[in-house]
Structure formats: C-alpha cells, structure tokens
Amino acid sequence: MALTGLDIFKLTPRKNCKECGFPTCMAFAMKVASGAVEIEKCPHISDEAKAKLSEATAPPMRTIKVGTGDYEKALGGETVLFRHEKTFVNRNLFAVQFADQMTDDEVSGKIANLKKVDYERIGEQMHVEAVAVKYTGNKERYLDVIKQLKDLNKVFILVCDDAAVAAEAVALVKETKPVLVGANAGNLDEMVKLAKDNGVVLGLSADTVEDLYALAEKAQGLDYKELVLNTTGENIAKTFEKTIEVRRTALEGKDRTFGYPSIVFVNDLAKDNAYLQTALAATFILKYGSIIVLDDIEYANALPLFALRQNIFTDPQKPMRVEPKVYEFANPDAESPVLLTVDFALTYFVVSGEIERAKVPAYLAVPDAGGLSVLTSWAAGKLGASVIRDMIKNSGLEEKLTRKRLVLPGKVAVLKGEVEEELPGWEIIVGPEEAMQIPKFLRELN
Amino acid sequence: MAYTKVAKKYSGKINEVTLGTGDKAITIGGRNVLPFHHFDGEIGHPPKVGIEITDIVPDDWNNALKNLYGDVMGDAAKWAKYVEDNYAPDFICLHFVGASPDGANKSVEECVEVAKQVAAAITTPLVVAGCKNDEKDGELFAAVAEALQGKNILILAAKEENYKTVGAAGALAYQQKVAAESSVDINLAKQLNILMNQLGVKAEDMVMHLGVAAAGYGFEYLSSTMDRVVLAALGQNDTTLQMPIITPVSFETWGVKEAVATEADEPEWGSAEERGIHMEVATAAACLVSGADAVIVRHPKSLQTVKSLIEGLLE
C-alpha cells in the first residue's frame, strides 16, 4: 500500500533542516510520496523508518535473482496482470529438464540441443536459460548428471524433495545461485535452512492453492523470502487456475504472501506430446509462468516460443524496432530493385513477409525512422528525402547496383519529387499503399 | 492468515452465437469470465477449432499438407468431406484464395458453385473467408450468402470498406452470421460493430475478427487488443464489444519465415512441417488465452493439439 505524503512526513525528524535540499520536511515528504526522491536523501531518517517505508513502497511481487554474473536473470517484479496496463517486466525463463534416470545418450542429446538452439532474433540472443534436474531416487547418478551440466552456464533448477540429497546437490552448484524446487509441507524447515545457508532460491510445492499459501506463509515466518512458487497442479486446468490465482492474489489482492515468481512444469502436463507442450508453454508465457520447464528444445518449438516471449514482454510504450540496414531477399543482384520501408517492427514484418511471398529478388532498405510506422514517421519528420538519401548513400547500394531503382511506400508518394532531387541517377518509383499488393507489384516491375 | 481468493465477477457476458444447423451446429461465447477462468464463474461454450481448406489448389502450402491431402485438394467439396470424415473439426473454413484479382481471379459465379458443392458435401458448420480484395469479397460474400441461405454460415469477414454490402446481404437478406473485421485496434473494432449495428445487423448475428498475427510478428498488439476488448465486454458491460472473437490463425502462421523457410535454407531448423505446426499451435494457444472463442488452423495435428489444450484447460 502506498504511503501518503503525510504518512511519510510523520517519519521525518520534522526539523526543516534543509539538508535534503528541500525547504521543509513536508515538501520533502511530498516528493518522496510521488516517487521523485529517495527517502535516503534525508540524513536524519531512522533505519526503522526507512524499513517501514521500503516495506510500504515495495512492489507487490518480489524480484528474485537467479544465476550469477553474465548468466544472472531476474524473475517476477511484475506490477500488472495485463501488459497494456503498463508493461510486463521480466521475461519468463525457459528450462529443459534432465533427470537421474536418463541414459547418457539422452543427457548428451539434450545438451547438444541446448547448445544448438542459440540464435539472434531482432537484437536478442535466444537460448534456453536454465536446466532443471529432477531427482527420482538414484543419488549417485543425480549428482553425476548435475556435474555434466555445469559447463553449460545455465541457471540450475534442482528438483529434489529429499533434503539430504538436495544438500549434496546444492553443494555442487551453490555458487551459481540455483533454484531448489523441493520444499513441501513435510520438509519445509530443513529446506529453508538449506536454502538460507547456501543462498539458494527455494521453490515451494503444494497440491492446492490454499496449501501453497500456507506453505509460503510458513516460509516467510522462517524469515526466508527468496522463493519461487511451483504452481503446477494435477492437470492442465488446475495448473492454469493456480498460476492465475497466485499472480492476481499478489497484484490485485496486494497480498505479498503470493508475491513471488512461479514455476510451471509444462513438460509434466504435456505427457510426451511435443505439440501440446508448445501450446501449453505459449499459454503460460502469457499467463504468468515465470519459469517454464520443457522436455527438450529444438528449433521447431524454440522459434515460436522465443518469438512469442519477445513480443509479450515488449514494453507497449517502446515499440519493437528492427535494426536499420539493407535486408536482402532471394539473392538480389546488381539489377534488383530497392524497396524502402521503416524500422517499426510490425511494418517491417508485414513488408518483408510479402516480399518473401513474392519470391522476387529485392533489397529492402530500412532507415532509422524512429521506430514509427510509415505515415507517422513521415509526419514526425523522421522519414524525409534527406533521411532516405543518407540511408542510400551510406548503404553501399550505389556502388553495388548497375540499375538503381528505389521503390517508395505508396503512402509517402508525396516524397517522390524531393527524393529524385536528392538521389540523382536513381529511378524513384511509387510502390503500393498496402503491403499485400507487393507480390503483384514486384512480379510486374521490370 | 487464511488464503483469500481474489474473486472476479463481471457484469458483462460474451454473446452466444450459433453456426451451422442440425446435430453439428456449434455455439460459441456465453461466458462471463476471462478465457478458461472456470474458477470465476460461467465458462459458457468451450472455444471451437476449425480447419482451413481452399477453393483452388493452393500454390504456397507446405508440401507435407499437399501430400497429406493428395488428390482431394483438387476438388473443394471432396476435400471438405475428407476433412469432416477424418478429422471432425468443429467447423470448416473455405478460404476463397482463388477469387483474388491478383491471383487466379475466379469469377463470383465459379466461387458460388464451389461454395454450394462444399456446403452440400458436409454437415459441419461452414465459414467462408475471402481473398483480401474488399470489392471482390463484397460481391462474393453477397452471392455466397444468398446461395447458401438456410445453412447458417459465417462470413469472414465484413470490413469498414465493404460492411454495407456484406452486412446487408449476409445478415439482413439471407440470415447468415457475419464477422466484423478490424485491424488490431479496440476503437476500430468498436466503431465497425456500431456501424454494422446501425445498418440493422443484430449483435447476436455477429462475431469479431480483430486481426491476426503470428507469434513473433507483432503478436503483442493482437494479444493486448483482445485483452482490452474482453475486459471492456465483461468489466464495463460494453455491449458493442460483446461479440465472440474468431481468429484465423492459419492465415498468418504458415506464411512467416519460421514456417516457410525450406530445410535447404535453414538446415539446422529441421522439418518445415514441424515448424509450421509448432508455430500454429503456439499462436492458437496464445489467441485462446487472450480471448478468441474460435480459431482456424490448417494442419490436422494442430487441430488435435488445440482441441486437447482446450479440453485440458476446462477439465
């Protein structure tokens, strides 16, 4: 619950000493309440007051850090249930699950896939960030599998509810800040101690949402707040319900007992059906899974899932942009036409999709147009003749092409004359207004 | 402290719309909760999944699908019957790609003939989709609506550019159902619904097509538009946005690079068919949890998967 300026004023020394830079304590308190100033600016504020304030202004859902160094990832910290209300903050992690009963071939096969699926998409490196290792009874093998995975530099998720085995497993990887998904109503005390002693994030599991709540409350009672909630239930419907209830209890109910990231084992729900696993993973990307555990990763499931995650975690106030440069389609040569569009990702996707569909060799020049659509960037002065000229001059296309043709988006046909003046030697052509007309246009262009 | 559930009760409800006739008729909508939130209230009718077929042999479909269907692709009626017998989708979407003036440019009369044959061959509810040319689609839909009077088909879709023709012929003259198509924007959706309504089309004869995007291709706009539409329909009881939503997922997912690139183009990526199915089921799942009451897919395995997902979420 946010504190008012008056609440904060009561925590200040009320001496109007001006050391914070404000004329009065009241003025300072008002600024703190609006979030414009940190309470620490006041040199006289007591630790007690600071704690009270940080508790009151803390977000309803904790941000939990897992992994270390370059592989550190933040989970949770969300403030809204729907991305249009503000934005989703920390993208979910994907994990691939290993287990002690897997053969060497299975283990090495999955390791190979984890290494293979590692690619760039619109400025983001796409790869699975975590490995889950499940204990099913064979301790030596379990520890052995964990050792085999250490070189991958992934976030470890140890799935083990046997406290003694978990202790040995944690000892192997504790410096990597792993997650230990193993606490339940029967072993909570031991597990919390283990997690606390080793700085491990603890995953809590319980059958029902009520039991999970009681467990989280207990863990907090033991003064441990580095938690992840396993919201996987007995079936798909129960899992969906639990995952949603946990998130909205935290965000709408303002109840911090559930204010932790979730982990969903969609691999268990999908029961060896790879397509269903993808459908479920997509479901929980949108609906509040913080860690989504998969059986395996291949390009077939990675491409849509990483792409979907990239979309959903885009800040609505900062639209996705593609890199300004010249893109090539169907091996263009010195005679191929150059089409022009903008760096707003949505526009780029539609235009590039249609060029691909046309199967005609072409270049697509994308200048820095501020990440706006064609008409908006033109109206904002970010897509004018000079921008287009600079883009073309710096692209190296002039040297490469023997036949210089530049196709403007139909919506900015008005620029034709100016661009002709700026780019002597180029034939400036007005293209179609709508992307869907591009294939026909390109096929007929000669 | 005991757990207190954050109860979500909404005053609004998604309209119920029925497609088709007889035993196989389907109804969508009817819920007063967010998608699959069975723990909050009335879940209404489970979302429905349809399969896409085309009026002519499509030239850009994945080869695996061409192999799967083989000769029946050459005859839309046989194709529809084959799909009905073998895959039993909730509905079949006959996509008139052949009508496109930029493509095969089949005449309206030819298309109507195909529509009649398809409708005669199956008892599954029928959705007819156009060729993206607003003028041609307007004529085509008017003629198909007339020819299939009594079949209670869904016309996909009326747009701002042709809603008068499509709405008047489709819903008013021949009592079919009509989808109102807008491009991923709550205000445009609302505006078109109101225009259709002013034309005399009743809300219960309408569904919404809010646009479609594949995962990774601006899907966040579609998802957030659906979120906003559904929240307005339920939370603010906005009757101009309470129509069920249909999303033709397959129209986009099979055209993106992830599904189209050949195994020669991207050797590491593996089978294009597999990629296509994963792209299709991921996008369909994301649409359904965002608010779609019906989705259209292309691959029979996608149909099966999405049906399993829906059953699983409502178990």
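In order along region A:190-198, the Karplus-derived 3J(HN,Hα) couplings, from 6.51 cos²θ - 1.76 cosθ + 1.60 at θ = phi - 60°, round to 4, 5, 4, 4, 4, 5, 4, 4, 10 Hz, and Gly and Pro are given as x. Taking label positions 7 Å along the Cα-Cβ direction at both residue A:208 and residue A:71, the computed distance is 3.9 nm, reported to one decimal. Surface composition of region B:17-314: carbon plus sulfur atoms contribute 46% of the solvent-accessible area (1.4 Å probe, protein chains only, all chains present). Our estimate of slack between residue A:18 and residue A:220, defined as 0.36 nm per intervening residue step minus the Cα-Cα distance, is 68.8 nm. A 1.4 Å probe over all protein chains sorts B:186, B:153 by accessible area into B:186, B:153, starting with the largest. The residues A:100, A:211, A:47, sorted by heavy-atom accessible surface at 1.4 Å with ligands and nucleic acids left out, run A:47, A:211, A:100 from largest to smallest.
Sequence-ordered 3J(HN,Hα) estimates for region B:78-93 from the Karplus curve with 6.51, -1.76 and 1.60 and θ = phi - 60° stand at 5, 4, 4, 5, 4, 5, 4, 5, 9, 10, 6, x, 5, 7, 10, 9 Hz, glycine and proline given as x. Accessible-area loss of 10 Å² or more (1.4 Å probe, protein heavy atoms, chain alone versus all protein chains) is found in region B:209-248 for B:215, B:216, B:217, B:218, B:219, B:220, B:221, B:223, B:224, B:227, B:228, B:231. Rounded to whole Å, give me the distance from the Cα center of region B:199-267 to that of region A:16-63. When both Cα centres are located, 45 Å separates them.
For residue B:239 and residue B:64, a Förster radius of 51 Å and the Cβ-Cβ distance give a FRET efficiency of 0.70, rounded to the nearest 0.05. Considering the zone a paramagnetic label at residue B:161 would reach in this model (a point 7 Å from Cα along the Cα-to-Cβ line), which residues of region A:424-446 have amide N under 15 Å from it? What the label zone holds, given the 15 Å backbone N cut-off, is A:432-441.
Maximal additional length on extending the residue B:42-residue B:105 stretch stands at 18.1 nm, based on 0.36 nm per residue less the C-alpha distance. Shown is the FRET efficiency for residue A:402 and residue A:147, computed with R0 = 51 Å from the Cβ-Cβ distance and rounded to the nearest 0.05: 0.30.
Simple rule: put +1 on each Lys or Arg Cβ and -1 on each Asp or Glu Cβ in the protein assembly as shown, find the dipole, and look at B:35, B:264, B:93; the Cα lying farthest toward the positive end is B:35. Note on chain A: dipole from Cβ charges, positive end direction compared against A:205, A:409, A:71; the farthest Cα belongs to A:409.
Determine the distance separating the Cα centre of region A:154-186 from the Cα centre of region A:191-245; give it in Å without decimals. With region A:154-186 and region A:191-245 each reduced to a Cα centre, they are spaced 14 Å.
When accessible surface is computed with a 1.4 Å probe, chains B and A are found to bury approximately 4900 Å² between them, both chains counted.
By how many nm would the segment from residue A:357 to residue A:317 lengthen if fully extended, with 0.36 nm per residue of separation less the alpha-carbon distance? Walk me through the numbers before you get to the answer.
Numbers: separation 40, 0.36 × 40 = 14.40 nm, distance 3.08 nm.
Length difference between fully extended and current span is 11.3 nm.
For chain A, the longest principal axis of the C-alpha atoms and the axis of helix A:47-57 are separated by about 50°.
Couplings 3J(HN,Hα) of region A:149-160, computed from phi: 8, 4, 5, 6, 6, 9, 6, 7, 10, 8, 9, 7 Hz, in residue order, whole Hz [Karplus 6.51 cos²θ - 1.76 cosθ + 1.60, θ = phi - 60°; x for Gly and Pro]. Within the accessible surface of chain A, defined with a 1.4 Å probe on protein heavy atoms only, the carbon and sulfur portion equals 48 percent. Between residue B:191 and residue B:146, the FRET efficiency from the beta-carbon distance, with R0 = 35 Å, is close to 0.80.
Residues whose amide H comes within less than 5 Å of that of residue A:229, counting only those at least five positions distant or on another chain, are A:204, A:262, A:263 (H built at 1.01 Å from N in the peptide plane).
Springs between alpha-carbon pairs under 10 angstrom, Gaussian network model over chain A: which of A:402, A:208, A:103 fluctuates most? Ranking A:402, A:208, A:103 by mean-square fluctuation puts A:402 first. Rolling a 1.4 Å probe over the protein heavy atoms gives chain A an accessible area of 42 Å² per residue.
Relative to the Cα centre, the charge distribution of region B:163-315, modelled as +1 at Lys and Arg Cβ and -1 at Asp and Glu Cβ, gives a dipole magnitude of about 700 debye. Along the charge dipole of region A:172-303, Cβ charges K/R +1 and D/E -1, which of A:185, A:259, A:233 sits furthest on the positive end? Farthest towards the positive end: A:259. For region B:17-314, a crude dipole built from +1 on the beta carbon of Lys and Arg and -1 on the beta carbon of Asp and Glu, taken about the Cα centre, is about 760 debye to the nearest 20. Taken along the Cα-to-beta-carbon direction at a fixed 7 Å, the label points for residue A:418 and residue A:105 span 6.6 nm. Accessible surface ranking for A:355, A:429, 1.4 angstrom probe, highest first: A:429, A:355.
The angle separating the long axis of helix A:236-251 from the principal Cα axis of greatest extent in chain A is about 80 degrees.
Per residue, region B:17-314 exposes 34 Å² of solvent-accessible protein surface, assessed with a 1.4 angstrom probe and all protein chains in place. Taking the DSSP bridge list for region B:17-314 and keeping only pairs wholly inside it, about 10 percent are antiparallel.
Computed about its Cα centre, the charge dipole of the protein assembly as shown is approximately 2160 debye, with only Lys, Arg, Asp and Glu carrying charge at their Cβ.
So which chymotrypsin sites (Phe, Trp or Tyr not before Pro) in region A:102-200 end up in coil per DSSP with only 13 or fewer other C-beta atoms within 10 Å?
Loop-located and lightly packed - none at all.
Round to the nearest 10 and give me the degree value, 0 to 90, for the angle of helix A:274-286's Cα axis relative to the longest principal axis of chain A. Between helix and principal axis, roughly 80 degrees. Rolled with a 1.4 Å probe across the full set of protein chains, the surface gives residue A:20 an accessible area near 30 Å². Here region A:248-320 and region A:325-403 have alpha carbon centers that stand 34 Å from each other. Here the simple spin-label model places points 7 Å from the Cα toward Cβ, and for residue A:46 and residue A:139 these points are separated by 5.0 nm. Counting only DSSP beta bridges with both residues in the protein assembly as shown, the antiparallel share comes to about 20 percent.
Residues whose amide H comes within less than 5 Å of that of residue B:48, counting only those at least five positions distant or on another chain, are B:294, B:295 (H built at 1.01 Å from N in the peptide plane).
The values are calculated or read from the model by the stated rules, or taken from the named source; none is laboratory data. As the structure is a prediction and not an experimental result, all values here were calculated from the model. Positions of Cβ are generated from backbone atoms using ideal geometry, with glycine treated the same way; all protein chains shown enter the neighbour counts. All accessible areas refer to the heavy atoms of the entire protein, side chains included, with ligands and DNA or RNA removed. Shrake-Rupley method; radii C 1.70, N 1.55, O 1.52, S 1.80 Å.
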